[in-house]
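In what follows, a structure is listed as structure tokens, so that the remarks can point back to it.
The values are calculated or read from the model by the stated rules, or taken from the named source; none is laboratory data. Just so we're clear, the structure is a prediction, and the values are computed from it rather than from any experiment. Note: ideal-geometry Cβ built from the backbone for every residue, glycine included; neighbour counts use all protein chains shown.
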Amino acid sequence: MSILGVICGLVAALFMALAFFCSSRAIRLHPDMGSLGLLARAHVIMGGLALVALPLFWREQVWQDLRLWLPITLAGVLCYLLGQTCLFLAQRKVDSSRLVPLLGLKLVILAFLNAIVFRSEQYGWLQVLAIICTLSSALMLNNAGRKIPLPSFFLVILACTGYSLSDTCIKRQMEVVASLGIEGLALQSLLCTSLSYTLSGVLGLLLLPLTSRQGRQSWIHTAPFALTWITGIVFLFACFALIGTVNGNIAQSTRGLWAILAGYILAKAGLTYLEERVSWQIILRRVAAAILMILAILLFNCRQ
């Protein structure tokens, strides 16, 4: 396994964890902007960056076969935006250091979709054990500090559902792009990312008139989320290209640990509007839950 690929995966996990602290900061500094306002502004910024990058990966057949890749790309983007919106809503009440590890619940949603809804996968006892570990981890996180409000927990489930459906669409999108004669996982990944986020930017522009008008500061406070998130995505796809999607997802699962560490540092620095101060016992309980979630993802990706 490539050491560089593992490093890219860990860096991707770090940036994605930091991105959620940035989104939490923007939401709490600009409550009037709302989750939809943050979503629209962030994706206008990311869409602009993706549009600049798109010519680097563009191939003539992409335009010629627009009807093949556009519907599945649009479906993936809409599911992803649904997931992001739900998570932003949950961040209004719950600290990021507790929300980010809970995103591992996506594993349970994916298993349900693949085994029950789409009937595309069959799972063995290792995958069942992984699901038990995931649910146990979620229970531990809920008991590590103040109880997570039920509406917020439900929003996390909806976010994981949106992300899972988006992942399913991305898998199909990659297959379609490969069928166009575009070779190489790295090129396929970067092209799909550029197309998806350019489309996200267009949808962000369409959403802007529906959000409350905010000053320049709202854009300034949104930018850190957009930049850290898109950086994490670039490192994630570099990781996928170097060590594959299975190992990449395992490396990405460390974002829960990064989030707990970042939350501790922020609370220690006095930024309690982002992260509340908690005892060492609570922190260790959260770390144990995050490690259990990583173990769950490792087990889930084992094939008997």
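Among the residues of region 170-195, those that are under 17 Å from Gly248 (Cβ atoms), among the small types (Gly, Ala, Ser) and either in contact with a Ser or Thr (Cβ under 7 Å, 6 or more places away or on another chain) or in a helix (DSSP H, G or I) (or both) comprise Ala186, Ser189.
Figure legend. Inter-residue proximity from region 16-39: first residues under 17 Å from Ile233 (Cβ atoms), second residues hydroxyl-bearing (Ser, Thr, Tyr) and buried (at least 23 other Cβ atoms within 10 Å of the Cβ), beta-carbon distance below 7 Å, spacing 6+ or different chains. Indicated pairs: Phe20/Ser96; Phe21/Ser96. The residue pairs whose first member lies in region 121-146 and is touching a residue at least 40 places away in the same chain (Cβ under 8 Å) and surrounded by 17 or more Cβ atoms within 10 Å (Cβ to Cβ), whose second member is not hydroxyl-bearing (Ser, Thr, Tyr) and not in a helix (DSSP H, G or I), and whose beta carbons are closer than 7 Å, counting only pairs six or more residues apart or on different chains, are Gly145/Val278.
Residues to consider are Ser120, Ser136; find the one that is over 20 Å from Ala262 (Cα atoms), polar (S, T, N, Q) and assigned to a loop (DSSP other than H, G, I, E, B).
Values: Ser136 fails: assigned to a loop (DSSP other than H, G, I, E, B).
So the residue among Ser120, Ser136 that is over 20 Å from Ala262 (Cα atoms), polar (S, T, N, Q) and assigned to a loop (DSSP other than H, G, I, E, B) is Ser120.
Among the residues in region 69-91, are any loosely packed, with under 14 Cβ neighbours inside 10 Å and either in contact with a strand residue (DSSP E or B) (Cβ under 7 Å, 6 or more places away or on another chain) or modelled with pLDDT under 95 (or both)? Among the residues of region 69-91, not one is loosely packed, with under 14 Cβ neighbours inside 10 Å and either in contact with a strand residue (DSSP E or B) (Cβ under 7 Å, 6 or more places away or on another chain) or modelled with pLDDT under 95 (or both), which makes the answer no. A residue that is modelled with pLDDT under 95, over 21 Å from the mean Cα position of the chain (by Cα) and in a helix (DSSP H, G or I) can be found somewhere in region 22-44.
Candidates are the residues of region 144-173 that are over 15 Å from Arg92 (Cα atoms) and hydrophobic (A, V, I, L, M, F, W, C); the one that is nearest to the chain's Cα centre (by Cα) is Cys160. Among the residues making up region 87-133, those that are of a type in the set (D, E, K, R) and closer than 18 Å to Arg285 by Cβ are Asp95, Arg98.
In region 247-267, of all residues being under 12 Å from the mean Cα position of the chain (by Cα) and polar (S, T, N, Q), the one that is surrounded by the most Cβ atoms within 10 Å (Cβ to Cβ) corresponds to Ser253. Among the residues of region 200-235, the one identified as closer than 17 Å to Ile72 by Cβ and within 17 Å of the chain's Cα centre (by Cα) is Ser200.
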